[in-house]
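Heads up: the structure comes next, in structure tokens.
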Amino acid sequence: MKVAKGNIIRLEYELRVKGGEVLETSAQSGPIQYIHGEGKLLPALEKRLEGMEIGAEKEGTIPAAEAFPEESLPARDIPRAEFPKGEKIDVGRAFQAKGPTGQPVMFKVLAVSDDKVKVRFLPSVFGKDLEFRVKVLMIDDPKSHKREAVAPPPPPADAIVEPEK
């Protein structure tokens, strides 16, 4: 059985900025389960998983332009009054502000009118290549009612406790 659209997939994974910080890892949160092809993962990562078999492992790099295509990111109108008075607001200019909880938020100006500015929000890793590592643990095909899974490894020998007599 292979990873294909509509299959339920369980993965061990790690996603990091190339050569740097870990963004997500199943080592902390446990394996991820999703329906392949429904857009719950980065589309570029889903594309790289297509056709993998149970137990298969893969590592690779996702180029920045493919990881977060700018046109796929959310856009919204912001009242022009939210920008500092006298600030030059040009199409294409990027800004950083603080979100509702104080975290930094980056956005790029798409259009400017007298009363509003249309912006596209950019993730903090926008413009950076990503590295991934995955292992397919389970493939469940709901149409054929078939499931394949990797058996969990046995516990280490020193973890086995002999019952007291």
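Does region 28-81 hold any residues that are in contact with a helix residue (DSSP H, G or I) (Cβ under 8 Å, 6 or more places away or on another chain), in contact (Cβ under 8 Å) with a residue 24 or more places away in the chain and in a strand (DSSP E or B), and which are they?
Lys58, Gly60, Ile62
I'd like to verify a number: residues in region 4-27 that are farther than 24 Å from Ala64 by Cβ and either outside any strand (DSSP E or B) or within 14 Å of the chain's Cα centre (by Cα) (or both), how many?
6
Select from region 40-94 the residues that are within 16 Å of Asp129 (Cβ to Cβ) and of a type in the set (Phe, Trp, Tyr) and list them in ascending order.
The answer is Phe68, and nothing else.
Look at region 32-43 and say how many of its residues are surrounded by 14 or more Cβ atoms within 10 Å (Cβ to Cβ) and either at pLDDT 90 or above or over 30 Å from Lys143 (Cα atoms) (or both).
The qualifying residues number 5.
Surrounded by 10 or more Cβ atoms within 10 Å (Cβ to Cβ) and either under 15 Å from Arg120 (Cα atoms) or in contact with a Phe, Trp or Tyr (Cβ under 8 Å, 6 or more places away or on another chain) (or both): is that true of Ile54 in this structure?
No: the conditions fail for Ile54.
Any residue at all in region 40-48 that's over 15 Å from the mean Cα position of the chain (by Cα) and either in the same structural domain as Phe107 (by TED's automatic domain parsing) or on the phi < 0 side of the Ramachandran plot (or both)?
no
Can you name every residue in region 93-107 that is out of contact with any Ser or Thr (no Cβ under 8 Å at 6 or more places or on another chain) and touching a residue at least 12 places away in the same chain (Cβ under 8 Å)?
Matches in region 93-107: Arg93, Ala94, Phe95, Val105, Phe107.
Please verify whether region 49-62 includes one or more residues that are in contact with a His (Cβ under 9 Å, 6 or more places away or on another chain) and either at pLDDT 90 or above or closer than 26 Å to Asp141 by Cα (or both).
Yes - at least one qualifying residue is present in region 49-62.
Within region 2-24, is there a residue that is buried (at least 16 other Cβ atoms within 10 Å of the Cβ), touching a helix residue (DSSP H, G or I) at 6+ places or on another chain (Cβ under 9 Å) and closer than 30 Å to Ala111 by Cβ?
No: region 2-24 contains no residue that is buried (at least 16 other Cβ atoms within 10 Å of the Cβ), touching a helix residue (DSSP H, G or I) at 6+ places or on another chain (Cβ under 9 Å) and closer than 30 Å to Ala111 by Cβ.
When you scan region 84-123, how many residues do you find that are part of a loop (DSSP other than H, G, I, E, B), at pLDDT 85 or above and surrounded by 10 or more Cβ atoms within 10 Å (Cβ to Cβ)?
3
The values are calculated or read from the model by the stated rules, or taken from the named source; none is laboratory data. Not measured: the values here are computed from a predicted model. Don't worry about glycine lacking a Cβ; one is built from the backbone with ideal geometry, like all the others, and counts go over all protein chains shown.
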